[in-house]
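What follows is a single structure, written as structure tokens, with notes after it.
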Amino acid sequence: MVRTGPSAADVTLLDHLRGKGWPVSLAQLERWRLAGVLPRNERKHLGRGKGSISILNPASTEIAEVMAMTSRRGRSIHEAVLRVFTADPRYDDLFMLPKVRLPEQAIRSALEWFVRFGDQSLDRRIERALKRMKGSPDDAAEKVYQLAIAHYRRVQNYPQPSGKRLPNLWNLNDEREVEHFALLAVARFIGPEEVGPERYANIVANNRIRDGRSTEEIARARAIIESLLINRQISEGYLIEPSPDPMIEQACEHLANVSISHIYATRDKLAFASEAGNLYSYLRGSEIGEPLNTRMREASTSSIDANMLFHAIIPIAEEVPGEAWRRMTSILIMILTQKRGDFIEESYSDALNKLAHAAAPERFNKAPEIEK
């Protein structure tokens, strides 16, 4: 059948988007439909031989609006989907969770795309390097360190253009801070024990998120972190063998078996924990920050995993509306694909439950059963 032009429903939608300041072509609408993102128009029969007309699916207008806001020439449709799914492009606040209900298959396809092709971050480069290595933990630690220090030196020398508008509390002001970031990468992939309890505790306790706090508070935080590490050394041994994330096919298979409700719930927890953690970093020491400060401090120092996850998710809130989608998607997939036997102390799901409860106890008042 030869297409003679857009349907009346599509003309209405295109005019609506143009009026909102988001001009979209008919070809773009059709690409979104082909990818399963935009619902197809419905047919309404007029009866008595009068034929039928096409009408918009009730969800089409809102989905088309946010897709138009996030789509760019050369940008994958999957990336646009993830930008909508992780942070509503109409707001700069992660407490405003995305209200647009994208089709489930569009979300799943986008997550699989990200696992296979979408993440070119430092973490993904480290994961790929570790998978290729067959050496000792010392060799792996050195490889992680070299990749990370080269990455952070580039960040220091060529900062992101959004830096002035979205200041990052973990600024790379000198070579010492570059080295600290590289050592935190070693701790994340090889284990904090590889860095050493005292050194790791000093780095975390003295980071810029704790600026403005008293010497006594910093010393107390350092002692808690160091004690946790030493206790884990005693019970588990000094070195942790490198354990990269599951292979791509295994990760995709695992994601396919996670319920969509659990994917949404994990996203919501990440959003609230990140935004609350960002508030905590600004409000520390002030009366207006209580009792949030106390809850976030206790949750983030309850375990090494909670502490590492806490500092990994804060930048999500700082990078809205820029690259927040990439970091949230990386961490979301990491949490969803972590198997019960992959951790020593606690899972990242358990750690996230603590942080989300601390961020919004009235919303996340009970830790749900972790999906296998």
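The values are calculated or read from the model by the stated rules, or taken from the named source; none is laboratory data. Since the structure is predicted, the reported quantities are computational estimates derived from the model, not experimental observations. Don't worry about glycine lacking a Cβ; one is built from the backbone with ideal geometry, like all the others, and counts go over all protein chains shown.
Quick one: would you say E104 is more than 18 Å from the chain's Cα centre (by Cα), modelled with pLDDT of 90 or more, of a type in the set (D, E, K, R) and assigned by TED's automatic domain parsing to the domain that holds V11? Taking the combined requirement at face value, the residue does not satisfy it. No other residue among S330, S281 is small (G, A, S), closer than 30 Å to E249 by Cα and assigned to a helix (DSSP H, G or I) apart from S330.
Taken across the stretch 240-252, residues that are within 21 Å of the chain's Cα centre (by Cα), modelled with pLDDT of 90 or more and surrounded by fewer than 18 Cβ atoms within 10 Å (Cβ to Cβ) do not occur at all. Scan the stretch 3-14 and give yes if some residue there is under 24 Å from P98 (Cβ atoms) and modelled with pLDDT of 90 or more, otherwise no. Within the stretch 3-14 (the criterion being under 24 Å from P98 (Cβ atoms) and modelled with pLDDT of 90 or more), the answer is yes, since at least one residue qualifies. The residues in the stretch 179-198 that are assigned to a helix (DSSP H, G or I), modelled with pLDDT of 80 or more and of a type outside the set (D, E) can be counted, and the count is 10. Inspection of the stretch 296-306 finds no residue satisfying the criterion of being assigned to a helix (DSSP H, G or I), modelled with pLDDT of 90 or more, closer than 27 Å to E104 by Cα and assigned by TED's automatic domain parsing to the domain that holds E249. Against the definition (more than 18 Å from R327 (Cα to Cα), modelled with pLDDT under 85 and either out of contact with any strand residue (DSSP E or B) (no Cβ under 9 Å at 6 or more places or on another chain) or not assigned by TED's automatic domain parsing to the domain that holds P192 (or both)), how does K143 come out, yes or no? Answer is no for this residue.
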